[in-house]
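The values are calculated or read from the model by the stated rules, or taken from the named source; none is laboratory data. If you're wondering where the values come from, they're calculated on a predicted model, not measured in any experiment. With ideal geometry, Cβ positions are generated from the backbone for all residues, glycine too; neighbour counts draw on all protein chains shown.
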Amino acid sequence: MSEPERDDHSGVETTGHEWDGIRELDNPLPRWWLWVFYGSIVVAVVYWILMPAWPGLKGYTPGVLRQSDRADVAEQLQALQVQRGRGETMLATASLQQIEADPDLQAHALSVGQSVFGDNCATCHGAGGGGARGYPNLRDDVWLWGGSLEEIEHTLRVGVRSAHPETRTSQMPAFGRDGMLNAAQVSDLTEYVVRLSGRPADAAAVGRAQQLYADNCAACHTPTGVGDRLLGAPDLTDREWLYGSDRNSIRGQIHNGRNGVMPTWEGRFSPGVIKALAVYVHVNAGGGEASGAAAAAP
Amino acid sequence: MTIIIDRTRDRAAKTGPVSVAEKQREKNRPKGLYKARVPIYPKLVHGRWRWIKWALLIVMLAIYYITPWIRWDRPGALPDQAVLVDFDGGRFYFFMIQLWPQEVYFITGLLVLAALALFLVTALFGRLWCGYACPQTVWTDLYIYIERMFEGDRNARMRLDAAPMSFNKLWRKTGKHAVWIGAAFGTGGAWIFYFHDAPDLIRTFWVGTAPMTAYVSCAILTFTTYVFAGHMREQVCTYMCPWPRIQGAMLDDQSFQVTYRYDRGEPRGPHKKAETWEGRGDCIDCNQCVVVCPMGIDIRDGAQLECINCGLCIDACNEVMDKVGRPRGLIAYDTDAAVAARNCGQKPKHRLIRARTLYYGIALAVVGGLMIWGFSTRKTLDVHALRDRNPASVRLHDGAVRNGYTLKIANHGFEAATIEIRYAGIPGATLRSPGRPASDPLSLRVDPNRVTPVRVFVTAPADQVQEGSQPATFEIRSGDEVQTVRTAFDYGETR
């Protein structure tokens, strides 16, 4: 080994490495740095002993502490279930009216309902439940299938044209598309429906459509046009229109007969959560309708 | 004249005596980037100010340790601790006062009040806070007392530190540090009682089921107490605390401070018993004021950054003056102006009422008045109306318009309240809260000590629908207390 080279200026040995005339001094590492380094080694060994560390053929060394993120998550979920259990039990055992009338239970149902609504219902009905064209507004007092607590809960449970065996179903035929009525008849009927909602319409057309309405529409929408909730037939005399109120929209609906779909939530949510959701929708519809209002409405 | 001595700059070479600490500083100055702490060995002194300091130490430590154990009966499941910062429940309890997190401005006001009081006291009487009441001073005093128990007074401590390691030195040092750590643990241990129910925590703490925050806080406080009061002491005041820097702006030549009366003391020099006192000052240069100083300074250099105004040098000097038969008060609480006046042979005048003290006094009175006003007009019920924004308004089948609101009713009291809610400003509007019987006004019960959210809906009839958004109010009546909460009613798009 050759004689170590010394730097003239500082008197410190060099490493013998040289780059572009720059040589590296071989100063010792700072003591504290070495301590940190040795300390890290000690920490690593302690970590191997305490925590899961080494992979094996069939698994890994579990460590003395037996720490497991999976088990932690399971435990936290369990704790959450216990924590929610009380509220869930109360929701499941109390009646819908009791839930709504008790301030604490109502608050609980509203918070449960809000999060479930946001995750599942808002996609179609909007985050505030205000609905959109083709998707009913849940905040007003117009209900296709009834706005009492029980009816809302029932709709939530079985859905509309859903996979549920007891699903709610209504059928608006596509009169024009399926050739049941010709274009002129559809136009006449459109005028008749506009008239039903109290707006000015072509009197001649209305007269021509009188019999058409009685033959094709009155069965569901009733002769006076107020609709029938048992059949899910909308009221044609009010100012709210699911698919639009102008003549083109009405004509389009008579021609094409669109029918919306709502999934069944039974099995997806526990009965308690469905109750909470029903109360949430009912409360946010300004208290909705009292039970039994459906029969009285038309 | 106030002299603030900035130790970060080199001073011009000076003659005459300088403190031990100053000599050490000069010796250490050129070496390296950081300098080692110069050990200070304050000598025990007796006298009026020392006595006051002991008394205050006992009183303040007693307050600190006893306060969390005072019980205060509160209704229901509320904590029965007189002073409690309840993070879990989100409440601050102070005897009959109960503060919610949103009332943090009362704490802000209290801090402003404390700051202004500090300004006023400093302008009048110098750094009384630093010398007598600051926890750093109190705990350092306690730690020096413990140190003295094991290692003896100044000279004994200096000898012990200089001596090589021996059994005697080992047990004294070990004992001192053990008691220090014990005292530090006592400090941190008492602190956590302010945040949890004390009788419950003292049990759970030892069985290991107390909250982690209690252990961590206790450990941190133990560590800082041990380090600050045991090892860093005057360095905390000199290097870490901003107050010594700020004090320069509070003090003027009319502020009472621990002052060396140079008019009487100079020219100083040793004095033999038989010698005359004619033609010389009273200072016999005995250095007693320096050796008792916990900050390691020489008060005869004038007012300085490090001086905490504890008055121990006054006691030391008075003792010496008694011995040599000169009047007391060569070092005393005095003003720079008074000393300067005496130096010129004039009669000193003390002015407590000055522009500065008036400002501070007025500011203190104003903030104090605001606090009293805030507390006296504090409402039991705090109501906020949150208007629904999505949808902002809902049109009903007959053309009527409905708006939804969430009323957040905070009942700060300890008893349930029955309130009546009216809605005003919108013609023909009806108010309804789902799940509650319809009535006008809407009557409901709000639970004590919590926020009750209430969903309410207001419907304006179809024949009275107006344009756009109109101002409206909720009127909330609870007993004789009526509150008006402003909001708006949105008629939405007209069709």
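Worth a mention:
- Close pairs (7 angstrom Cβ cut-off, 6 or more residues apart or separate chains): within 12 Å of B:ALA416 (Cα to Cα) in segment B:431-455, of a type in the set (Lys, Arg) and at pLDDT below 90 anywhere: B:LEU444/B:ARG436
Conditions (1) away from chain A (no Cβ under 14 Å); (2) farther than 24 Å from B:ARG91 by Cα; (3) outside any strand (DSSP E or B), marked per residue:
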| position | (1), (2), (3) |
| --- | --- |
| B:ARG445 | no, no, no |
| B:PRO453 | no, no, no |
| B:PHE457 | no, yes, no |
| B:GLN466 | yes, yes, yes |
| B:GLN470 | yes, yes, no |
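- If you check A:SER187, A:SER170, A:SER162 for being over 24 Å from A:GLY286 (Cβ atoms) and in a helix (DSSP H, G or I), only one passes: A:SER187.
- Whenever a residue of segment B:462-487 is free of Cβ contacts under 8 Å to residues at least 40 places away in the same chain, its partners that are exposed (fewer than 12 other Cβ atoms within 10 Å of the Cβ) and β-branched (Val, Ile, Thr), lying with C-beta atoms within less than 7 angstrom and at least six residues away or across chains, give the pairs B:GLU467/B:THR494.
- Test: residue in segment B:244-253 that is touching a Phe, Trp or Tyr at 6+ places or on another chain (Cβ under 6 Å) and either crowded, with 19+ Cβ neighbours inside 10 Å or over 30 Å from B:THR357 (Cβ atoms) (or both): yes
- Failed condition for A:HIS282, given (1) in contact (Cβ under 8 Å) with a residue 24 or more places away in the chain; (2) out of contact with any Leu (no Cβ under 6 Å at 6 or more places or on another chain); (3) within 13 Å of chain B (Cβ to nearest Cβ): (2)
- Residue within segment B:119-142 that is part of a helix (DSSP H, G or I), free of Cβ contacts under 8 Å to residues at least 24 places away in the same chain and of a type in the set (A, V, I, L, M) present: yes
- Taken over segment A:126-143, the criterion of being under 12 Å from A:LEU242 (Cβ atoms) and either touching a strand residue (DSSP E or B) at 6+ places or on another chain (Cβ under 8 Å) or not in a loop (DSSP other than H, G, I, E, B) (or both) is satisfied by A:ALA132, A:TYR135, A:ASN137, A:ASP140.
The rows are residues; the columns are (1) without any contact (Cβ under 8 Å) to a residue 24 or more places away in the chain; (2) over 28 Å from B:ARG48 (Cβ atoms).
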{"site": "B:THR225", "(1), (2)": "no, yes"}
{"site": "B:MET232", "(1), (2)": "no, yes"}
{"site": "B:MET240", "(1), (2)": "yes, yes"}
{"site": "B:ASP253", "(1), (2)": "no, no"}
{"site": "B:PRO270", "(1), (2)": "yes, no"}
{"site": "B:ALA274", "(1), (2)": "yes, yes"}
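- Filtered residues of segment B:431-443 (kept if more than 10 Å from chain A (Cβ to nearest Cβ) and either assigned to a strand (DSSP E or B) or of a type outside the set (Gly, Ala, Ser) (or both)): B:LEU431, B:ASP440, B:PRO441, B:LEU442, B:SER443
- Members of segment B:350-371 that are exposed (fewer than 14 other Cβ atoms within 10 Å of the Cβ) and within 19 Å of the chain's Cα centre (by Cα): B:ALA365
- Where helices (runs of 4 or more DSSP H) fall wholly inside segment A:48-121, the ranges with 2 or more residues that are not assigned by TED's automatic domain parsing to the domain that holds A:HIS282 are A:69-93.
- Number of residues in segment B:476-495 that are surrounded by fewer than 15 Cβ atoms within 10 Å (Cβ to Cβ) and either of a type in the set (Lys, Arg) or away from chain A (no Cβ under 14 Å) (or both): the value is 7.
- Subset of segment A:100-113 that is of a type outside the set (Ser, Thr, Tyr) and more than 8 Å from chain B (Cβ to nearest Cβ) - its residue that is surrounded by the fewest Cβ atoms within 10 Å (Cβ to Cβ): A:ASP104
- Which listed residue is surrounded by 15 or more Cβ atoms within 10 Å (Cβ to Cβ), modelled with pLDDT under 95 and not hydrophobic (A, V, I, L, M, F, W, C), from A:ARG139, A:ARG86, A:ARG133: A:ARG139
- Selection of segment B:372-386 for residues being within 37 Å of the chain's Cα centre (by Cα) and either aromatic (Phe, Trp, Tyr) or closer than 26 Å to A:VAL142 by Cβ (or both) yields B:TRP373, B:PHE375.
- Candidate set: segment A:142-169, residues that are surrounded by fewer than 19 Cβ atoms within 10 Å (Cβ to Cβ) and touching a helix residue (DSSP H, G or I) at 6+ places or on another chain (Cβ under 7 Å); chosen: the one nearest to the other protein chains (Cβ to nearest Cβ): A:GLU150
- Residue check for B:ARG268: assigned to a helix (DSSP H, G or I), at pLDDT 85 or above and under 22 Å from B:ILE314 (Cα atoms): no
- For segment B:387-417, a residue qualifies if it is surrounded by fewer than 17 Cβ atoms within 10 Å (Cβ to Cβ), under 43 Å from the mean Cα position of the chain (by Cα) and either within 13 Å of chain A (Cβ to nearest Cβ) or under 30 Å from A:TRP241 (Cβ atoms) (or both), and the qualifying residues are B:THR406, B:LYS408, B:ALA416.
- Among (1) closer than 27 Å to B:ALA303 by Cβ; (2) out of contact with any strand residue (DSSP E or B) (no Cβ under 8 Å at 6 or more places or on another chain); (3) surrounded by 20 or more Cβ atoms within 10 Å (Cβ to Cβ) - the single one B:VAL258 does not satisfy: (2)
- Flag not set for B:VAL104, criterion: surrounded by fewer than 18 Cβ atoms within 10 Å (Cβ to Cβ) and either modelled with pLDDT of 95 or more or assigned to a strand (DSSP E or B) (or both).
- Taken together, the criteria exclude A:ALA276 from residues that are at pLDDT below 90, assigned to a helix (DSSP H, G or I) and either out of contact with any Lys or Arg (no Cβ under 8 Å at 6 or more places or on another chain) or within 14 Å of chain B (Cβ to nearest Cβ) (or both).
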